[in-house]
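What follows is a single structure, written as structure tokens, with notes after it.
The values are calculated or read from the model by the stated rules, or taken from the named source; none is laboratory data. Bear in mind that the values here come from a model prediction, so they are computed numbers and not experimental data. Ideal geometry is used to build each Cβ from the backbone, glycine not excepted, and the neighbour counts take in all protein chains shown.
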Amino acid sequence: MAPAKKRNVSSAKTSQQSVKTAKIDLNSKVERILESRKHANDVFDILEVLQSEKDKDVISAADACGKLFCTLLERKELFIGKLPGEEEALGGGYSAEEKYRMFMRHRYNSCVEMLLEHLTHELHGVKESALCCLMKFAAGEGQHPLEDLDWSEHYSFPRELILAVVERLLSKTTDNSLLISRFQEFLEMEDVRYYVMSSVRENVGKVMDKSKGAVMPVYQTNVFTLMSNISVPSQESELTNFMVKQEAKHEDWKAAKLNEHKRVFERMWLGFLKYKLPSNMYKKVLVILHDSILPHMSKPTLMIDFLTAAYEVGGAISLLALNGLFVLIHQHNLDYPDFYKKLYNLLEPSIFHVKYRARFFHLANLFLSSSHLPVYLVAAFAKRLARLALTAPSTGLLIVLPFIYNLIRRHPSCRVLVHKPSTEDEPLEDPYLMDEEDPAQCRALESSLWEIKTLQKHHHPDVAKAAMLINTPLPEKEDDISEVLEITTYELMERDLKQSQIKNIPLEFETATQLLKGVGDVLGQHFCLD
Amino acid sequence: MGKVPKKRNLADKVRKTKTSTEIKNNPFEVKINRKKFDVLGRKTKHDVGLPGVSRSKAINKRKETLLKEYKQKNKSNKLIDKRFGEYDTKMAPEDKILQRFAMERQRVHDKKDVYNLNEEEELTHYGQSLAEMEKFNDIVNSDDESEEKGLLSAELTASHFGGGGLLKKRTSGDQQEEEGSQRAKSRQELIEELIQKSKQEKRERQVQKEEAQELTEKLDQEWKSIQSLMVKKTPKAECDDKPEEKPKLEEYDMMVRELVFEMKAQPSEKMKTPEELAREAREKLQKLEADRLRRMMGEEVGDTAQSLVHMSADDLNDGFVLDKEDQKTLAYQDGKWNIGEKSEDEDEDEEEGESGGEEEEEEEESEAEEGDGGEEEEDDDDEEDEEQEGSSDEEDGHSDLESEQESEDEERKQEAEEASAEPKKILSKEELKAQQEAAKAELPYTFTAPESYSDLKDLLHGHTPDNQRLIVARTQKCNHPSLAVGNKLKLQKLFGFLLEYIGELATRSPPELTTIDKLIPELYSMCQIYPEAACKAMQGILGDAGHSMEEELEVKGHVAFPTLDMLIYLKVTALLFPTSDFRHPVTTPALLYISQALMKSLQDVTSGLVLCCLAVEYVSFSKRFLPELINFLAGTLHLLHTHLSQHIAASYAVVPPFRPSGKCSDLLVLSDSESCKSWSKKSLPLSATQHLDLKNDLDRDHHRLMCLFTCLDLVKRCSLLYKDLMSFTFIFQPIRTLLSKHLSAQELHREILETISSVPVSHSRLVLEKKKPIPLKLLTPKIVEVLDYGKKRGSTREEREKERLKHKYKKEFKGALREIRKDSRFLAREKLNEVMNRDAERKRKVRELFGSLATQEGEWKALKRRKRK
């Protein structure tokens, strides 16, 4: 756009005029071509403009082309069937009418090629108009197929055109997210979506095979953007919006069947996830997995391999994989051996600092709400969380303390963690083994939650108050963790800042005389004013 | 007289009681109200009634009230008999008299003599005051008259009383002897002569008396002289024997005299209210301002300064002044009069009663003046003073006190100025000019409170830090809330502006931290006066900072360390508000902010260390646990490693934002191990948090070492602070591992490690607090008190009350109606009575008339008959 703009600035008026005149020119040319076949050769002029450097000209030319060829398609003035070569067409014994159609079909083909090329143009405007134009052609072709087949037997859909568009969209070099989001509009049509899904699958298979499974960040991002925009409706009755309406046997068409959609969707995703992904892509996939992928699959269990692999990775990816696993375990009867052991090992200081903290605790709460868990396991979780709480921020502590309390409530035999009266009242070292990976071996039940006792001295009053609860028997009712899951430090600050009725504010009684003096004088010892 | 009425009273009583019992017993008088059924335990008041009695009572009552009113109807004037007890037959006449007398006395005492304590009232006898008569008696007894007493000369009696017959005759004999010469003497002349004579006699008596007095005096004097001679003899003889006793005596004497001459306790000025103080302070400032302006205009100031010189209370204002040399204070020094010594400066006299310390300061100031040092030095002194005083005032940091102390400062300043003005009595022109300049350079004394932040900036722009502080202090004083209505709001705003100003000072490059430092006391004092406003302002700043941090965190996932202004704000918060409160509207959010900053940002070790220092300060009293602080310190220590193999790094957990390995993970590693040797400890400048220009590797290494030193010191403090926490060992485990295994042992490390390892690792098990068992539910019946039986229950209390009142009203209304009816009946009866009486009278009169006429007629007829006969 930059060079064009410069030109605009230098001779704004003239260029504007020229654009206008060009547009009028193009429109009049299109009309002339459509009026009589005498002016058929003007189509070359239009195509020439389509290839020009000026983006505005290109856009207007694309519009003109769209108008022209759509009308021609409607009039059936394009050649239908297998197209002979240009020279052959001229030489062969065809009637003038047929020759004209062939000529126009050739121009149409070259126009489509040019537009496809424009899909990789550097300017978004050009790309967009090219895409719109192509989709118009696709719609036109769907209504008036260019193949010469028995349409009562076959379903007409411009598969090739869609495949070509998808291929261009999934660029290997540029991030096409904007264009893809524009493309989403067309994905609302059921048949388009269906064919786009199958073409994506084909394309991914082809490209990844070629690169031999190596990571291709840009390409994979594009694919992911496109795929994440696809959502399959939940009911068959919702399949109403079609680009091409089949005259015969519409109900039998694959694109009109929900199961087929689901199958294609599933195959598309599996085909994508089969290959190695960059780690941030992993996270992105896992974030939307439970929500927008699993429900749309015909056989979600096929995701097990992917999810278990992700769960094994460790760190944030494991945390995210939990969600998908939960869906599988919960709804699809997945039996995962050592699930809790792995969950136990996921508990690290970083869980309080990652972005997905709320989601993790929500899920962990769900997993540990089962009443069939062995006591040692629950105790191990409680103790480990308590130990981790020593390094956690205030917001994290406000989650983890009720969490631990809930564990103790659900499993009353865990009460020994906070209440273990013994006759010989001898102090002992903490027998809990933090480094032990197996919750069964970590001796958590022999320990006590001294950490919570420590947190009673925490600097934030809410945390300290929460920690005070272990001094007395816990109330029966469970705390609702969901309220505190999303709490932020600023919200905590606001609790104090927004207190409307402050009767009297306590003041420092020690007279302040200097900036660095006062309260322990720590700052003054290490820093000076200048 | 006293017995008779008593008897009658008794008789009355007897009769009355008799009748009442009679009436009660008389079945015809008693009406028994029939009860439908007996209720056990109910006490009835009205089972027996005496209708006759009550009716007569009612009639009597009406007669006394209603009838009287009726009779007085349409009569405008009436006679009120105010005599006490005139119609009270029950009262004994003696009582009446007594009462009346007492009332009269009271009436006299009412107003005039309320404050007359000893004078009761003038007693009179036939119109003459008894007291005077007594005085007269006294006069008669005096010696003047004593000689005349009993001397009733014939002349006197004659002149007074006109003379007796016999005496007169005798004098007439005399008269005849001197007939020729004294014939003309009239009675008046005689009287004059008499008066003259008596006067002369009087004078003579007086002279005699004086002479006698003189003589006695003379005698006294002579006796005295003899006595002194007699007395002095014995002490002298003793004195030789005991010479050491003399100073002792003198010492006592000295003490006595000193005590005599010592200043007596004088009534001090009354305690001033804060408003008065404020007004005085402002007036003082205004006066100073006027003074300054005048000097700026170039007027001579010597006179005014002179006029302010000490004036004694005995000064008659007549221009008579003792010379300085003459003015000696009476005092003993080493047992001698120190008459010869010079008295102290005049200034000191002014300051009698003030502490010695202040005098010293005074001297300092005057010295500063001598050096012509100008304002700044003086201000410095002032500030030092204030600091000293402030520290002594620590226990009771009252704002009044402080303002008082400030006003004292001002006073001293004023005095100092006067002192400075004094020596320049005669100024040359150059000096005058110089003075003008000085006045110009001097600050104005009154300021209007800034309305906006830019106003404040303009006000403070271009002044030295000390002057800025003075300006703020004076603004505060000129706009004390007790002086005008809107001042409170103005000062509250001023606090916010000042805070903003501080923030701006900190963001300047280079940051003007000394100015901030100077402004701190002002901020503190203002905060003490308006805690709410200060709290609001600080909360606003913290809220904004927290909000922007949150936003940044959402966008980027991590934040930059707070800038210097925020660090300063946090420090100021710690200075103004108590950090040890469990929950405080300002410090709690501030601490949260610190912890969040330590947790989420990773850019600058120096800023982080400043924050750590602040965090340690915040929790130093309360010893509360701040996990973020420990994490950050451990992370900082982690940055010290150079080449760590993976298994060592795995031996302790590094908490985010620090990473086990990465591009910045060896930030604090020294580039050259030799630079340790050239390093010496010094304080880091606060501005290092903003930008660092370290030229070479050595400088950089020194900075690193400085950071390391700070960090280790903080770790040490923390380890001492958190020693009592139960999980101490686990909290400090990463630090311990780092220090013991991966860093070469040094002194500071060893100390920390020792603290860490000295803490007991074993704890007794957790046991829930013992709780009082909840008492069983008791099954005794609940008793509901029913207050009125037989009434509608179940309605609410209000309704019942309303019902009750309604009933009462109805009853009263009926009663009133009944009474009114009875009244009107009574009145009608009375009227009828009246009419009937009137008619009867008329009839009687008419009959009388008829009777008389008939008799007349009869008489006339009889006469006629007789005539006929």
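Quick notes on this structure:
- Any helices (runs of 4 or more DSSP H) falling wholly within segment A:392-500 and containing at least 1 residues that are over 30 Å from B:Ala534 (Cα atoms) and more than 7 Å from chain B (Cβ to nearest Cβ): A:394-410, A:450-455, A:461-468, A:482-485
- Set side by side, the residues B:Glu554, B:Glu532 differ, and just one is more than 45 Å from the chain's Cα centre (by Cα) and of a type outside the set (A, V, I, L, M, F, W, C), which is B:Glu554.
- Lone qualifier among B:Ser607, B:Ser595 - being in contact with a Pro (Cβ under 9 Å, 6 or more places away or on another chain), free of Cβ contacts under 8 Å to residues at least 40 places away in the same chain and part of a helix (DSSP H, G or I): B:Ser595
Every residue, every condition in (1) at pLDDT below 75; (2) closer than 16 Å to A:Ile46 by Cβ; (3) touching a strand residue (DSSP E or B) at 6+ places or on another chain (Cβ under 8 Å), yes or no:
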{"site": "A:Asn109", "(1), (2), (3)": "no, yes, no"}
{"site": "A:Val112", "(1), (2), (3)": "no, yes, no"}
{"site": "A:Leu116", "(1), (2), (3)": "no, no, no"}
{"site": "A:His121", "(1), (2), (3)": "yes, no, no"}
{"site": "A:Leu146", "(1), (2), (3)": "yes, no, no"}
{"site": "A:Ser152", "(1), (2), (3)": "yes, no, no"}
{"site": "A:Pro158", "(1), (2), (3)": "yes, no, no"}
{"site": "A:Leu169", "(1), (2), (3)": "yes, no, no"}
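- Residue match in segment B:470-484 (condition: hydroxyl-bearing (Ser, Thr, Tyr), at pLDDT 50 or above and in contact with a helix residue (DSSP H, G or I) (Cβ under 6 Å, 6 or more places away or on another chain)): yes
- Some residue of segment B:90-98 being at positive phi and not in a helix (DSSP H, G or I): no
- Residues in segment B:569-620 that are β-branched (Val, Ile, Thr) and facing chain A (nearest Cβ under 8 Å): B:Val572, B:Thr579, B:Val586, B:Thr588, B:Val610, B:Val616, B:Val619.
- So B:Cys711, is it touching a helix residue (DSSP H, G or I) at 6+ places or on another chain (Cβ under 6 Å), within 12 Å of chain A (Cβ to nearest Cβ) and at pLDDT 80 or above: yes
- The set of residues from segment B:538-568 being assigned to a helix (DSSP H, G or I), more than 7 Å from every other protein chain (Cβ to nearest Cβ) and surrounded by fewer than 21 Cβ atoms within 10 Å (Cβ to Cβ) comprises B:Gly540, B:Asp544, B:Ser548, B:Glu551, B:Glu552, B:Leu553, B:Glu554, B:Val555, B:Lys556.
- Of all residues in segment A:359-390, those satisfying the criterion of being surrounded by fewer than 17 Cβ atoms within 10 Å (Cβ to Cβ) and small (Gly, Ala, Ser) are A:Ser369, A:Ser370, A:Ser371.
- A count restricted to segment B:624-640 and to residues that are within 44 Å of the chain's Cα centre (by Cα) and more than 7 Å from chain A (Cβ to nearest Cβ) stands at 0.
- Residue in segment B:667-675 that is at pLDDT 75 or above, over 20 Å from B:Phe625 (Cα atoms), more than 56 Å from the chain's Cα centre (by Cα) and aliphatic (A, V, I, L, M) present: no
- Residue that is free of Cβ contacts under 8 Å to residues at least 12 places away in the same chain and small (Gly, Ala, Ser), where the choices are A:Ser413, A:Ser422: A:Ser422
- Of the residues making up segment A:307-318, just one is buried (at least 17 other Cβ atoms within 10 Å of the Cβ) and either within 14 Å of chain B (Cβ to nearest Cβ) or in contact with a Pro (Cβ under 7 Å, 6 or more places away or on another chain) (or both), namely A:Ala316.
- Taking segment B:504-537 as the range and being within 19 Å of B:His480 (Cβ to Cβ) and at the interface with chain A (Cβ under 7 Å from one of its Cβ atoms) as the test, the residues that pass are B:Pro521, B:Tyr524, B:Cys527, B:Gln528, B:Pro531, B:Glu532.
- Entirely in segment B:1-83, the helices (runs of 4 or more DSSP H) that have 3 or more residues that are out of contact with any Lys or Arg (no Cβ under 8 Å at 6 or more places or on another chain), modelled with pLDDT under 85 and β-branched (Val, Ile, Thr): B:3-25
- Odd one out for B:Gln646 among (1) away from chain A (no Cβ under 14 Å); (2) modelled with pLDDT of 65 or more: (2)
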